Amino acid sequence: MTEPRQRTLAGAATLEGAGVHSGEAATLTLRPADPGAGIRFRRVDLAGKPEIPADLDHVVSTELGTQLGAGEATVMTVEHVLAAFAGQAIDNALLELSGPEPPIRDGSFKDYVDAVRRAGVVEQDEPARVLQLKEPLAVSCDGGASYVVAPAEEFRLSATIQFAHPVIGRQYASFEIDPETFARELAPARTFGFRADAEALLARGLARGASLDNTVVLDDESVLNEELRFPDEFVRHKAGDVIGDLALLGARLRGHVIAECPSHQGNVALARALAERCRRRNGTPIIDAAKIMQYLPHRYPMLLVDRIVEFEAGKRIVGIKNVTINEPFFQGHYPHHPVMPGVLQIEAMAQVGGLLMLEGEETHGKLVYFVTLDNVKWRRPVTPGDQLVFEVEVLKIKRRTCRMRGTGRVDGHLVVEAEMMARIVDA
């Protein structure tokens with residue numbers, strides 16, 4: 001199978017309207033982006049025009065939609081526009097937004113698909129990131145959502161929903177996801193809600209922009225809109241939401257996703273499990289502990305990398321640190337409640353980054369000194385039994401100096417992140 005290339009927009013396209021929950025008017029302009037940039041929102045209405053990457057690390061809420069945030073800047077209800085981009089196989093784009101929420105338009109994914117097609121699509125000179133499972137994965141969540149992902153050569157989505165309402169009941173649909181199928185079978189399906197819930201939602205500051213023009217509304221017995229676009233429009237929209245939330249992986253998925261009663265919380269949990277499985281998919285180290293000691297000068301108790309499982313020269317590296325109760329620092333660092341010191345988490349990440357810089361014969365016998373740390377954040381404690389998965393990518397490299405961004409995760413959850421600058425020096 002020919003590996004796909006990354007894709008972005010050929011030009012720009014703009015949509016206007018109000019957000020379904022905020023009710024605030026906003027303009028969304030879709031623009032091209034460089035290879036590897038991913039999908040990013042830019043809040044052009046805020047000071048400094050902050051950007052929010054559309055990835056799992058920036059999910060801040062999954063209540064009645066998926067919300068992203070970076071610092072004080074947030075974007076609500078991102079799943080519709082992300083579904084359209086994923087459905088049209090767009091890897092990189094900049095989304096300039098003048099409010100807290102993209103326009104809901106008619107409540108479906110269609111206007112976003114049309115905007116992508118108006119702007120046009122171009123291939124880029126970089127391979128697309130593809131996530132393909134080699135063995136099944138099952139995920140269950142509070143609230144009844146459950147998922148199974150089976151290995152497959154293409155992306156197929158099968159979804160089942162069940163509501164105690166005479167118009168919905170139990171619905172099932174299955175589609176092989178490609179740009180034409182998404183545009184034809186899923187994009188027109190609108191979001192839906194129940195009139196009985198409207199008052200409570202409005203009291204909580206939600207659904208302020210919802211109306212019969214952008215939402216399929218149901219009373220106790222029937223649909224209040226004129227007609228449905230599909231007899232099973234409800235499950236089709238839920239399937240589109242799954243695709244939008246899985247777009248937060250930042251990769252094209254190959255596998256058969258079977259979703260039972262999907263929810264935004266469940267979709268994001270599935271995406272995290274898929275990301276973690278991808279990080280661990282090659283259990284065999286490409287650089288083991290013995291080889292690591294040939295490159296790094298560190299020794300017990302300061303060698304904090306057990307193995308390297310992924311490596312792209314000059315670009316990125318993934319390393320593993322298994323945290324056990326036998327670590328010497330647990331004797332003195334909260335011995336009755338052992339927590340790995342945050343500075344040692346950064347040290348382990350830096351050692352992984354050092355291995356990325358020391359590849360090649362010309363660096364033999366050299367040392368890596370880290371000279372700056374920026375944007376360091378610890379998200380949650382690391383305790384005995386955890387496996388830390390560090391991913392370090394190059395942001396900029398010039399001769400012997402390199403700027404890198406690193407993240408550390410446990411079970412798919414971000415626990416530590418930092419930007420680092422290092423320099424190669426003579427031993």
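No value in this document is a laboratory result; all are computed from the given coordinates. Everything quoted here is computed from the prediction, not taken from an experiment. Here the Cβ is made from the backbone with ideal geometry for all residues, glycine too, and neighbour counts use every protein chain on show.
Observations, loosely collected:
- Extension reserve of the Arg195-Val44 stretch, reckoned as 0.36 nm per residue once the Cα distance is removed: 50.9 nm
- Estimated 222 nm signal from helices in the chain, with DSSP H stretches of n ≥ 4 weighted -39500 (n - 2.57), rounded to 500: -6000 deg cm²/dmol
- Both radii were evaluated on the Cα set of the stretch 145-277; the Rg over Rh quotient, with Rh as the Kirkwood radius, amounts to 0.98.
- Expressed to the nearest 5 percent, the antiparallel share of DSSP beta bridges inside the chain is 80 percent.
- Axis angle, to the nearest 10 degrees, between helix 110-119 and the longest C-alpha principal axis of the chain: 60 degrees.
- Result for the chain in a Gaussian network model with C-alpha springs under 10 Å: among Tyr300, Tyr172, Tyr334, the largest mean-square fluctuation is at Tyr300.
- Sparsely packed GluC sites (Glu not before Pro) within the stretch 33-97, loop by DSSP, other Cβ within 10 Å at most 15: Glu63, Glu72
- Cα gyration tensor category, rounded, prolate or oblate, for the stretch 62-211 with a/c compared to 1.5: oblate
- Contour minus Cα-Cα distance for Asp411 and Lys134 (0.36 nm per residue): 97.9 nm
- Gaussian network model of the chain, springs between alpha carbon atoms under 10 Å - residue of Pro381, Pro103, Pro53 with greatest fluctuation: Pro381
- Cα-based Lys pair tally, the chain, threshold under 29 Å, eight or more apart or on separate chains: 27
- Backbone HN-Hα couplings from phi across the stretch 409-421 [Karplus 6.51/-1.76/1.60, Hz, Gly and Pro as x]: 10, 10, 6, x, 8, 5, 10, 7, 8, 6, 9, 9, 10
- Under a model in which nothing but the beta-carbon of Lys, Arg (+1) and Asp, Glu (-1) is charged, the chain shows a dipole of about 1420 debye around its Cα centre.
- Most mobile listed residue (Asn214, Asn92, Asn375) in the chain, GNM with C-alpha springs under 10 Å: Asn375
- Calculated from backbone phi, Karplus (6.51, -1.76, 1.60) coupling profile of the stretch 233-242 in Hz, x at Gly/Pro: 4, 5, 6, 5, 5, 4, 5, x, 4, 4
- Amide H contacts of Ala189 (H built 1.01 Å from N, under 5 Å, at least 5 apart or other chain): Phe109
- Furthest towards positive pole of dipole, Gly406, Gln124, Ala271, structure part the chain, Cβ charges: Gly406
- Here the simple spin-label model places points 7 Å from the Cα toward Cβ, and for Asp114 and Asp220 these points are separated by 3.8 nm.
- Remark: the Asp426-Ala152 segment gains 93.8 nm on full extension, using 0.36 nm per residue and subtracting the alpha carbon distance.
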